[in-house]
Amino acid sequence: MISFLKKISDDNSSSGYDNCIQFSDSDLKNEISMLLTSRPLFPDLEDLTYICDSVINYGVNSSLLNIVTQEEQTLEIIRRITIALKRFEPRISDIIVMHKEVNDIKYVFTVNSYILSRPLVFDVFWTKATDNLSLYE
């Protein structure tokens, strides 16, 4: 299956070439990293289904400006990561995001999913001071 980024950069979408494109775990990791570090142009479009699923809304709104408690922040980050992966990364399925750890600097989450028929597990962290999401390496 072709990634969202490859699909929108295709200048000849009617060709059968797309079905032959192979991707490595490294490619997938880079594209997930790009998704997590990208920000939607208009983050408050959840009610507009076709727009929120489009390139205009690509990325994750990581700002938690109006969310005060740690528990609410954790739940909201889990929700946003899950939605972004389901919308923009069609190669992975059965996505479950779990809270792993929190400290004064960051929150760490584990994403359990599947790519084709094999498990795919990776960690994501959210840095409090900068409101940034990224792959945990």
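Listed values, structure above:
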| read-out | value |
| --- | --- |
| Pick from segment 51-64, criterion within 14 Å of D131 (Cα to Cα) and aliphatic (A, V, I, L, M), ranking: surrounded by the fewest Cβ atoms within 10 Å (Cβ to Cβ) | L64 |
| Of all residues making up segment 15-57, the number that are modelled with pLDDT under 65 and out of contact with any helix residue (DSSP H, G or I) (no Cβ under 8 Å at 6 or more places or on another chain) | 5 |
| Complete set of residues in segment 65-88 that are touching a helix residue (DSSP H, G or I) at 6+ places or on another chain (Cβ under 6 Å) and either surrounded by fewer than 17 Cβ atoms within 10 Å (Cβ to Cβ) or modelled with pLDDT of 95 or more (or both) | I67 |
| Leading residue by the ranking (surrounded by the fewest Cβ atoms within 10 Å (Cβ to Cβ)) among those in segment 89-137 that are under 24 Å from N57 (Cβ atoms) and acidic (D, E) | D94 |
| All positions within segment 26-78 that are over 22 Å from T110 (Cα atoms), aliphatic (A, V, I, L, M) and part of a helix (DSSP H, G or I) | I51, V55, I56 |
| Candidate set from segment 35-50 (those that are among the aliphatic types (A, V, I, L, M) and either exposed (fewer than 14 other Cβ atoms within 10 Å of the Cβ) or in contact (Cβ under 8 Å) with a residue 60 or more places away in the chain (or both)); member that is farthest from Y136 (Cα to Cα) | L48 |
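The values are calculated or read from the model by the stated rules, or taken from the named source; none is laboratory data. On a predicted model such as this, the values are computed, not experimentally measured, just so you know. Virtual Cβ from ideal backbone geometry, glycine too; neighbours counted across all protein chains shown.
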